[in-house]
Amino acid sequence: MRRALFGLLCALASASCMPVLDGEEYNLAGQEVRLTLLHTSDIHSRLIPFDFAPLKTDTDLGLVPEAGPFGGATRMAALLKRERQKADRVLHLDSGDCFQGAPIFNLNTGEVEFRFLSDVRLDAAVIGNHEFDAGASNFTQKARDFAQFPLLAANYAWDMPSDTSSSNGGALVSSPYTIRMVKGLRVGVIGMANLSSLNSIVEGGNSLQVTPLEQNEVARAYVDLLRPVTDLIVIVSHLGLHEDQQVVLGYEAYYEYERARPFIEREHNPWQILEWSGEEGNPKSVVRVQIPGVSGIDIILGGHLHVVLNPPQSITDPSGRKVLVAHSGAFSKYVGRLDVVVKVPEEPTVDGAELISHDYRAFPLDALWCDDAMRAYYTQNFWDPGEFAVQPNVRQAIENCRNQEDRQTTHLLQPYILGMDFNLQLTSLFSYAPRDVARRNNSTGGDSPLGNIAADSMRKRRRVEAEMAVTNSLGIRDNLYAGVVSQEAMFNVFPFENTINIMYLSGVEMQEMFDFVAERSAERGCVSQAQISGARFTMDCAQVQLNDLRIFCDPNDGGADKYCPKEDRAGHAPWQCLEDVDGSRCWAHPAVDIQINGKPLDPNGTYRIAANDYIAKGGSGFRVLKRNTTRIETGISLRDSLIGYMQGFCTCDDINAGNETSKTGERCGTLINGQWVVDEQTRGFCQSAQAFKDALNKQVGSCTCLSTLGKEDAPDRCGVTAEQIRETCTLPAGPFTGRCSCRDALAGTNPVCGTTTPQLRSFCENPTAMPIANALEDGRIGRRVK
């Protein structure tokens, strides 16, 4: 079961010693007091500013698209320190997942993230699921050595092996809660760690050595414990928004009656039985129960889903108390500030202080993070692309904000940045994207452009050469954005150190795997949760819903033909009368029209497939792969596989010459309806790249136009007048580098361009020689929703 009950009482017992509260004497009885909560979440190692294409949701929240790069620890630290100085009573809380998502983690496995959060005086953080990406022992070691703040997880009961050498030490570096005295205001902070994304807790050998506890009962127990000795109760959560709401509102779940009975039969806040599956009263029968919401919580600061709630949600707990739920985004793009006014009672009461009013703001962390007036200047005027960033007053504002970034954090990061430059060569370029290569399919919910080439690279990789490949969609963490594609961009796409595994699956196992993808995708809006190569199939999400109805059938009395619905079955798989735990039910395969390399799936066949090691070991619920015993570890990383694959793509020289393949034999374009097609946008880019290259090489006097760019002494050197240079060298803008045009990058006169590396300069001088990151959706994953 997703949430186990075992261990709750033990966990409470081990945490029952209340901390001693030291500090100055305050008497707040009867007063209205303001508290400021600074909130960060899902930093995902984005301590260095990064480029991306802001979505409308980002621009609506204040990010200026032309004020990149975005995020970064130096800005976040400066803003946190600024807001601390503005506030009287202040706490900084973090909702987890500060690890994983940028190359600095791949090299240092969390050391710098914990050092940074300690330096900015973080008051407490909940443990996120990505804190364990380098292993539980790594997390505990980094927490012990570098985290100078409480790490919270009330819903984890850590195992304590008798052999201490086999313990990962999680219990020693985490607590269920902490209490903070903020100038007389007593604030209890309870941590609710993630459960839904940690398959290692509930599957396999439980490498985390954790027993998960049911979230609402944990929260209820600790609220009851802390309420008499605190004024406010704040939950800092990495459960996810839906689960945050369920803590307050309650939810339905399935349990064995024997395990749920103590909660069903208790006097206060009993669980209500909604349905029996099996014999009523049988201890082993499964019951559907309503688990009541928790009363007494004041604020939930959440994370995990990377959303911003502005304004915060206000929901009502079972006692009628209003609870604020705030989320503050991800990737260091925002810092949330929640100001609340609370009325402290004249005499101590069980209910604590009353939340009177609140105000919330999400501060965007772009290059204009310190200048609200310049941000308003952007939003109140219409700007053509590229026009805003070159304004002199904008450049000056960006420089002013740069000068206000936190120097202590700059000093902290310097050795780590030098280490990345030396070990990872993040500025290396290997491809060019004329447009964004999206990791998600926003039109049909099926295959995505980036997912297609990622899976293709796995299947075609030398020493792999599989018949098909599959990888989980959520393992692809970012888009490839228009411009030059660098090693750093590939770390953002594949931050995890996943590798390619080879497996041999029977046709029956292949059907089960595709059925699982359809079922998992149906739970998420029928958006494909896997990306594939060498195969095509349709996710029948409508059939998943029909299967979930669990329509009764009797295999001895006509079976599927008699009991299962017969209307509107065109395109669906045939019904089966499937034996289940509580009787037989109507069921049909939700994955249909499966083809492997153009041929229908053979149930009696055997297929060589490539899968990433995470799902090959059962991650994301791929139990059919976990059961398979043929897994071969290649050691080839998905990141390196995709880089090598893209390096073999056709260049603009190939496309402009009409070549069908690149020098390595890769076909130019995308296979659509059996034909290889180079789309018009790519052809247009290649023609403009050639025109830019030709313009650079024009002769003007004794020079080329390239050698005159940004050079004031060009007329004297070239033996011509400045007017002749202007007339001859009317250069187009050229390819977009990701920050500015190649013309500006070569001229070196536009500070928005940043540093022009030798590789970037080489590309801009000869843009037609770079492989083109060409990828489209090709319909290999279809879907049916009716």
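The values are calculated or read from the model by the stated rules, or taken from the named source; none is laboratory data. Model, not experiment: these values are computed from the prediction. Virtual Cβ from ideal backbone geometry, glycine too; neighbours counted across all protein chains shown. Just so you know, the surface numbers come from the protein's heavy atoms only, side chains and all, with ligands and any DNA or RNA stripped out. Shrake-Rupley method; radii C 1.70, N 1.55, O 1.52, S 1.80 Å.
Each residue in segment 384-395 was checked for being over 10 Å from Asp371 (Cβ atoms) and surrounded by 12 or more Cβ atoms within 10 Å (Cβ to Cβ), and 7 pass. Would you be able to tell me the number of residues in segment 467-490 that are over 16 Å from the mean Cα position of the chain (by Cα), of a type outside the set (Asp, Glu) and open to solvent by 10 Å² or more (accessible area, probe 1.4 Å)? The number of residues fulfilling the criteria is 5.
Would you check which residues across segment 94-129 are touching a His at 6+ places or on another chain (Cβ under 6 Å) and of a type outside the set (Gly, Ala, Ser) and list them?
Here is the first cut: in segment 94-129, the ones touching a His at 6+ places or on another chain (Cβ under 6 Å) are 95-97, 99-101, 122-123, 126, 128.
Matches in segment 94-129: Asp97, Phe99, Gln100, Leu122, Asp123, Val126.
Can you tell me how many residues in segment 75-114 are assigned to a strand (DSSP E or B) and open to solvent by less than 10 Å² (accessible area, probe 1.4 Å)? Residues that pass the stated criteria total 4. Taking each residue of segment 500-521 that is under 15 Å from Glu467 (Cα atoms) and looking for partners that are of a type in the set (Lys, Arg) and surrounded by fewer than 19 Cβ atoms within 10 Å (Cβ to Cβ) with beta-carbon atoms closer than 6 Å, six or more apart or interchain, yields Asn501/Arg631; Met503/Arg631; Tyr504/Arg608.
Between Val294, Val340, Val323, which is at pLDDT 95 or above, surrounded by 15 or more Cβ atoms within 10 Å (Cβ to Cβ) and part of a loop (DSSP other than H, G, I, E, B)? Please lay out each step first, then the result.
Numbers: Val340 fails: part of a loop (DSSP other than H, G, I, E, B); Val323 fails: part of a loop (DSSP other than H, G, I, E, B).
The conditions single out Val294.
In summary, helices (runs of 4 or more DSSP H) completely within segment 594-708 and bearing 2 or more residues that are closer than 30 Å to Tyr504 by Cβ and hydroxyl-bearing (Ser, Thr, Tyr) occur at 638-647. For Lys86, the criteria (1) touching an Asp or Glu at 6+ places or on another chain (Cβ under 6 Å); (2) farther than 20 Å from Ile235 by Cβ hold in every case but one, which is (1). Applying a threshold of 7 Å to beta carbon distances and a minimum spacing of six or more residues, or different chains, the list of pairs starting in segment 596-610 at a residue that is more than 15 Å from Ile781 (Cα to Cα) and ending at one that is assigned to a loop (DSSP other than H, G, I, E, B) reads Tyr607/Glu467; Arg608/Ala466; Arg608/Glu467; Ile609/Ala466; Ile609/Glu467; Ala610/Val464; Ala610/Ala466. Among the residues in segment 491-498, are any among the hydrophobic types (A, V, I, L, M, F, W, C), modelled with pLDDT under 95, more than 23 Å from Gly619 (Cα to Cα) and buried (at least 21 other Cβ atoms within 10 Å of the Cβ)? No, because not a single residue in segment 491-498 is among the hydrophobic types (A, V, I, L, M, F, W, C), modelled with pLDDT under 95, more than 23 Å from Gly619 (Cα to Cα) and buried (at least 21 other Cβ atoms within 10 Å of the Cβ).
Taken over segment 758-773, the criterion of being closer than 10 Å to Tyr432 by Cβ, in a loop (DSSP other than H, G, I, E, B) and open to solvent by 10 Å² or more (accessible area, probe 1.4 Å) is satisfied by Met770 alone.
Here the condition is being polar (S, T, N, Q), surrounded by fewer than 17 Cβ atoms within 10 Å (Cβ to Cβ) and closer than 23 Å to Ala67 by Cα; of Thr755, Thr737, it holds for Thr755 alone. Name the residues in segment 216-256 that are closer than 17 Å to Pro292 by Cα, of a type in the set (Asp, Glu) and not in a helix (DSSP H, G or I), would you? The one that is closer than 17 Å to Pro292 by Cα, of a type in the set (Asp, Glu) and not in a helix (DSSP H, G or I): Glu252. Hey, among Leu28, Leu38, Leu47, Leu122, which residue is more than 30 Å from Ala482 (Cβ to Cβ), modelled with pLDDT of 95 or more and in a loop (DSSP other than H, G, I, E, B)? None of the others qualify; the one that does is Leu122. If you filter segment 115-149 down to residues that are in contact with a Gly (Cβ under 9 Å, 6 or more places away or on another chain) and among the acidic types (Asp, Glu), you find that the one that is least open to solvent (accessible area, probe 1.4 Å) is Glu131. Pull up segment 220-267, narrow it to residues that are of a type in the set (Lys, Arg) and within 23 Å of Gly352 (Cβ to Cβ), then point me to the one that is modelled with the highest pLDDT. It comes out as Arg220.
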